[in-house]
1. Only four residue types carry charge here, +1 at the Cβ of Lys and Arg and -1 at the Cβ of Asp and Glu. Report the dipole size of the chain about the Cα centre in Debye, rounded to the nearest 20.
2. If you put +1 on each Lys and Arg Cβ and -1 on each Asp and Glu Cβ, how big is the dipole of the stretch 115-236 around its Cα centre, in Debye rounded to 20?
3. Please compute the volume of the convex hull spanned by the alpha-carbon atoms of the stretch 170-220 and report it per residue in Å³.
4. Projected onto the charge dipole of the stretch 115-236 (+1 at Lys/Arg Cβ, -1 at Asp/Glu Cβ, origin at the Cα centre), which of Ala165, Trp181, Val200 gives the Cα projection farthest towards the positive end?
5. Can you tell me how the stretch 2-99 classifies by the Cα gyration tensor, rounded, prolate or oblate, using a/c under 1.5 as the rounded cut?
6. Picking from Tyr53, Tyr220, Tyr194, which is most flexible by a Gaussian network model of the chain using Cα springs under 10 Å?
7. What share of Cα pairs, in percent, lie more than 23 angstrom apart in the stretch 115-236?
8. Computed over the Cα atoms of the chain, what is the convex hull's projected area averaged over all directions, in nm²?
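Values quoted throughout were computed directly from the atomic coordinates according to the rules given, and no laboratory measurement underlies them. Worth saying up front: this structure is predicted, and the values here are computed from it rather than measured. FYI the Cβ positions are ideal-geometry reconstructions off the backbone, even for glycines, and counts take in every protein chain you see.
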Amino acid sequence: MEVGGRTVPLMPDGRLHNLDDWTPEVAAAMAAAMGVSLSQDHWDVINLMRAYYEEYNVSPVRKLLKRALLREGHAELARDERLDSLFPGDVLVQGSKLAGVPMPHLDAELERRTYAANRAADNPRVKQSRAAGHFVGSFNFDGERHEVTPTGNLVDLHRWNERVAAHMAQKEGIELTAEHWEILNFLRGFYFEYGISPMVKILMRHMREEVGPEKAGADYLYKLFPKGPSRQGSRIAGLPEPQGCIDG
């Protein structure tokens with residue numbers, strides 16, 4: 001695609017090959033190719049998606065995008081009908097393309113077929129994780145075998161229960177208290193509301209808003225989960241590994 005006398009490489013699906021190539025002029029040219037003339041409402045959504053990605057290194061799924069729009073005072077833009085009228089190709093697909101950020105995915109949409117390969121004995125990620133303190137490959141509990149990913153997260157999330165959580169926590173040197181369970185339940189509530197496990201910055205922000213700052217600080221959270229309230233917490237909570245940069 002030619003923009004301002006320079007060639008901007010695109011992927012086969014029309015997304016930027018290099019996210020660093022994004023400029024407002026590039027976004028406008030991409031929109032024009034889609035038959036869309038960008039209005040201020042378009043730009044409010046695009047700029048928010050870019051700001052979210054810059055802060056968290058992960059693009060917002062629809063519910064989190066709508067929540068962020070409401071937080072910024074864009075109640076009308078947070079309506080599904082308005083978003084669909086602005087981005088008829090879906091705000092997550094078309095909007096993220098115009099914003100020059102990766103398309104967001106719910107955790108359930110991510111490919112899990114690579115887990116078998118990841119569990120191979122010669123896989124470097126598996127070898128690395130053997131010293132991590134969490135279960136690797138699989139573990140037995142109450143006569144049943146539970147498979148885990150290289151990061152120690154359950155493969156079969158539906159088999160999680162509080163006793164499994166306590167067993168996984170003990171493997172990592174943690175005896176679960178009411179304080180731990182408050183965080184674990186918050187993680188699970190977030191996952192079942194938004195469809196993703198929150199990376200640590202998102203977790204801390206939402207806990208600060210919903211629980212209070214005294215339980216959302218890094219000192220408090222890392223005291224409970226020394227290997228990361230997001231990474232370690234998601235394992236014990238029976239959730240997928242969080243997307244994006246997590247736990248420092």
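1. Working: 30 positive and 35 negative charges, 137 e Å.
Approximately 660 debye in magnitude.
2. Details: 17 positive and 15 negative charges, 103 e Å.
That gives the stretch 115-236 a dipole magnitude of about 500 debye.
3. Numbers: hull volume 4.7 nm³, N = 51.
Roughly 93 Å³ of hull volume per residue.
4. Value: Val200.
5. Working: a/c = 2.00, a/b = 1.55, b/c = 1.29.
Here the stretch 2-99 falls in the prolate category.
6. With Cα springs under 10 Å in the chain, the top fluctuation among Tyr53, Tyr220, Tyr194 is at Tyr220.
7. Working: 2367 of 7381 pairs.
Tail of P(r) above 23 Å: 32 percent of Cα pairs.
8. Working: hull surface 61.4 nm².
Directional mean of the projected Cα hull area for the chain stands at 15.3 nm².
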